[in-house]
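J.: The following block contains the structure, expressed as structure tokens.
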Amino acid sequence: MESSPSCSFSHGRAPPQCLSRDDYIELRNSQDKLLNAEFTSIHQSIRRLEEKTDRLEEKTDRLEEKTDRLEAEMRQLHAHSRNNALRNPTLPIRPVVVYHPERGILEPEPSHFPRNANEFYCLRDPPSDRHRSMLAYLALFYDVQLRTAEHPSDDGNSDDEIFLDQPDLIVEKLEGILGLHEHKFVKFRERARQLASRITPKPIKRSQIMLPNETYLPDSRRPRLELRPIGAGDKRRYNGAPDSTSSENLTNARLEWGTRSTPSAQRPRIRCSSDERADVPRPRKLEFKRPKPVSEKSGSETTDSDSQTRAFTSPREP
């Protein structure tokens with residue numbers, strides 16, 4: 001069977017070139033091989049990129065795991081150091097976090113964690129069901145293995161054998177995990193008991209303070225400044241002038257202290273002696289006269305006043 005020719009037309013005036021069927025098949029096969037090789041190289045490059053991406057993801061996961069583990073260790077050290085420094089049993093306990101490879105950093109539930117050292121050490125003899133459930137939760141959270149005598153641990157280590165009927169062993173394990181020291185709390189309680197047994201005197205108020213020379217308590221009220229005049233002998237000693245005005249009595253007065261709550265009738269005032277009162281001039285009373293009407297004035301008075309007025313109003317006349 002002869003192959004049908006395949007013709008290709010050109011845009012020019014040249015006659016068309018015809019290909020046989022076999023030539024066309026060979027041409028298509030060669031093109032398919034080239035395309036397949038190209039696709040194969042693309043698939044290989046994509047596969048290599050996927051492998052690199054997977055390796056990067058694995059590295060990222062490992063880095064995140066290391067970062068979470070380091071963060072958990074730092075938080076554990078911080079909480080452990082803070083709990084190690086506790087001495088007051090009423091202060092709160094810092095919870096210690098736990099790192100889980102699949103779940104990440106885990107914190108204990110606040111409702112199942114003891115608030116302070118007093119509540120924590122009460123778990124040795126749980127007084128209620130709430131404390132018993134709290135003890136079991138802490139043992140499971142911090143991976144304190146609860147095993148009985150019939151089911152010992154697989155590794156045979158006696159330190160990991162914690163019995164359900166001995167909660168004091170669980171508390172001892174948790175004490176090391178949380179970083180608590182019971183002897184510090186015992187010392188703090190003893191010191192607080194000693195300080196409470198001492199009799200502390202009440203603080204002395206300022207008004208109750210006594211001077212060494214005083215035999216009685218002074219008045220608690222603040223004294224008030226008083227002004228009192230000096231005597232005649234003191235006046236000559238302080239002032240050489242025999243006569244003085246009333247204003248000098250203020251400068252020569254003595255300053256003394258008195259009580260504040262003094263009646264108004266008994267309040268001290270500046271008083272002058274009899275000799276000083278005679279020297280003090282008294283102001284004269286001004287007398288106002290009513291003006292007389294013009295009709296009642298006499299003619300002589302009018303002329304005299306007019307002459308006096310003229311004399312003063314014309315001083316330039318000879």
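J.: Can you tell me which of Arg75, Arg82 is at pLDDT 90 or above, surrounded by 11 or more Cβ atoms within 10 Å (Cβ to Cβ) and within 30 Å of Arg193 (Cα to Cα)?
T.: When all the criteria are applied, what remains is Arg82.
J.: Please indicate, with yes or no, whether at least one residue in segment 102-111 is of a type in the set (D, E, K, R) and modelled with pLDDT under 90.
T.: Looking through segment 102-111, at least one residue is of a type in the set (D, E, K, R) and modelled with pLDDT under 90.
J.: Quick check on my filter: what residues within segment 113-132 are of a type in the set (Gly, Ala, Ser) and at pLDDT 90 or above?
T.: Ala117 - this is the single residue of segment 113-132 that is of a type in the set (Gly, Ala, Ser) and at pLDDT 90 or above.
J.: Turning to a different aspect of this structure: Condition first: part of a helix (DSSP H, G or I), among the small types (Gly, Ala, Ser) and closer than 28 Å to Ala136 by Cβ. Now tell me which residues in segment 168-199 satisfy that.
T.: Within segment 168-199, just Gly176 meets the criteria.
The values are calculated or read from the model by the stated rules, or taken from the named source; none is laboratory data. Just so it is clear, the structure is predicted and the values come from calculations on it, not from any experiment. When we count neighbours, we look across all protein chains shown, and the Cβ atoms used for this are built from the backbone with ideal geometry, even at glycine.
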